[in-house]
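Taking it in order: structure first as structure tokens, then the write-up.
The values are calculated or read from the model by the stated rules, or taken from the named source; none is laboratory data. No experiment lies behind these values; they were computed from the predicted model shown. Cβ sites come from the backbone with ideal geometry, for glycine too, and all protein chains shown count toward neighbours. SASA here: full protein model, heavy atoms, side chains in, ligands and nucleic acids out. Shrake-Rupley method; radii C 1.70, N 1.55, O 1.52, S 1.80 Å.
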Amino acid sequence: MTDIPQILLNNGQTIPQFGFGVFLVKPEDTQAAVTHALQAGYRHIDTAQMYGNEAEVGAAISRSGLSRGEIFVTTKLDNGAHRPGDARAAFDQSLKALGSDYVDLFLIHWPLPTRYDGDFVSTWNTLEEFYRDGRARSIGVSNFQPHHLRRLHGETDIIPAVNQIEVHPYLTQDEVRAFCTEHQVAVEAWSPLGHGSILGDPVVQSVAKRAGKTPAQVVLRWHIQRGDIVFPKSVTPERIRENIDVFDFELSAADIEDLSALNKNERGGPDPDKF
Ligand code: NAD
């Protein structure tokens, strides 16, 4: 079984550095995909209320033969449920759908500066309740820029354990990553494969050739060696196995540099300051 590194979070909890994402996995395909991932050695699943597949993630876990404690589960607050009362009801619903009395990590999915009067602070205070009552072992944010994080630092008690942001070789996010490192917020890289778009890049292809690995594997290895947490998505069993097979080789410093130099600050997803 693959030995996946664990990352120590700022609250003493640990998270597997490598996991499985289920964004855009249809509910009817989710149980099978998560089952393949668990069989391939993944022990960290990243879902969200907005993905509409928490129940199927829960079903795959409960039928896996693994104990709940062996699997790290993240879910995220729906954008329509930022008000404290709505957030409480949505969190209860997530636990029910996942069939568990806790989640390992619960995130604010987007800061939504243009909604709820830009008040993600009271939303964060509500997540702090879930952390204090033990139903969320860790809490964090997603798509937060340094100025959003600074507000939480100034106005709330608990520092987010993670910030989940879009990162891949076309969007290296050096500034946000440096801010997070300085403030002990672990970085999770979403769309680590650029949603597949970067795999045909000639530089990615040539690094893959040098390493004797596939383009997806060298890009995932680039994230691992930079220290970010990743959870690539696939519903294809061969790719699910291929993606986790990145712990038996190392990229050279020159390979890492070549991939990092592809940065063009190009987002595949929305701009968190406008969305
Ligand atoms: P990804 O970068 O993981 O790319 C997935 C796509 O890449 C697949 O649909 C497939 O087309 C292709 N692919 C996967 N493995 C491959 C392989 N071995 N060879 C060739 N092609 C391959 O994109 P993603 O799903 O957007 O991101 C991963 C996870 O990040 C999501 O599932 C979700 O959990 C999370 N996410 C979070 C947010 C957020 O706002 N917090 C946004 C997007 C995604």
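What the table below lists for this structure:
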{"item": "Over 18 Å [Cα-Cα, region 152-225], rounded percent", "result": "46 percent"}
{"item": "Percent carbon-and-sulfur accessible area, the chain, ignoring ligands, DNA and RNA, probe 1.4 Å", "result": "48 percent"}
{"item": "Amide H contacts of Ala186 (H built 1.01 Å from N, under 5 Å, at least 5 apart or other chain)", "result": "Asn10, Val162, Asn163"}
{"item": "Long-range HN-HN contacts of Leu107 with modeled amide H, under 5 Å", "result": "Thr75, Lys76, Leu77, Gly140"}
{"item": "Principal axis dimensions, the chain - Cα atoms, whole angstrom, descending", "result": "53, 42, 31"}
{"item": "For region 263-270, Karplus couplings with θ = phi - 60° (6.51, -1.76, 1.60), whole Hz, Gly/Pro x", "result": "3, 9, 6, 9, 7, x, x, x"}
{"item": "Backbone HN-Hα couplings from phi across region 97-107 [Karplus 6.51/-1.76/1.60, Hz, Gly and Pro as x]", "result": "5, 6, x, 9, 8, 8, 10, 6, 8, 10, 10"}
{"item": "Formal net charge of residues neighbouring Ser197 (Cβ-Cβ distance under 14 Å; K, R +1; D, E -1)", "result": "0"}
{"item": "Sequence-separation-based contact order of the chain, relative, with Cα cut under 8 Å and 6+ spacing, percent", "result": "20 percent"}
{"item": "Unit charges on C-beta of K, R, D, E only; dipole of the chain, Debye", "result": "300 debye"}
{"item": "Antiparallel bridges, percent of DSSP beta bridges restricted to the chain (to nearest 5)", "result": "15 percent"}
{"item": "Sites Lys96 and Asp248, calculated FRET efficiency, Cβ-Cβ separation with R0 45 Å, nearest 0.05", "result": "0.70"}
{"item": "Gyration tensor (Cα) of region 88-226, equivalent ellipsoid semi-axes in angstrom", "result": "32, 18, 13"}
{"item": "Extension gain (nm, one decimal) between Glu128 and Tyr116, 0.36 nm per residue minus Cα-Cα", "result": "2.5 nm"}
{"item": "Charge tally in the Cβ shell below 14 Å around Asp92, where Lys, Arg are +1 and Asp, Glu are -1, Asp92 excluded", "result": "-3"}
{"item": "Distance in nm between pseudo-label sites at Ser67 and Val203 (7 Å out along the Cβ direction from Cα)", "result": "4.6 nm"}
{"item": "Helix-only CD estimate at 222 nm, as mean residue ellipticity for the chain, using -39500 (n - 2.57) per DSSP H run (n ≥ 4)", "result": "-11500 deg cm²/dmol"}
{"item": "P(r), alpha carbons of region 216-275 - 5 Å bins starting at zero, rounded %", "result": "4, 15, 22, 20, 18, 14, 6, 2, 0"}
{"item": "Cα-based equivalent ellipsoid of region 158-201: semi-axis lengths in Å, sorted from largest, via gyration tensor", "result": "24, 10, 5"}
{"item": "Calculated FRET efficiency for the pair Asn265/Gln6, C-beta based, R₀ 22 Å, to 0.05", "result": "0.10"}
{"item": "HN-Hα J in Hz across region 199-215 - Karplus 6.51, -1.76, 1.60, θ = phi - 60°, x for Gly and Pro", "result": "6, x, 4, x, 5, 4, 5, 6, 5, 4, 5, 4, 7, x, 10, 8, x"}
{"item": "All-pairs Cα distance distribution in region 1-124, expressed in whole percent, bin size 10 Å", "result": "13, 42, 33, 11, 1"}
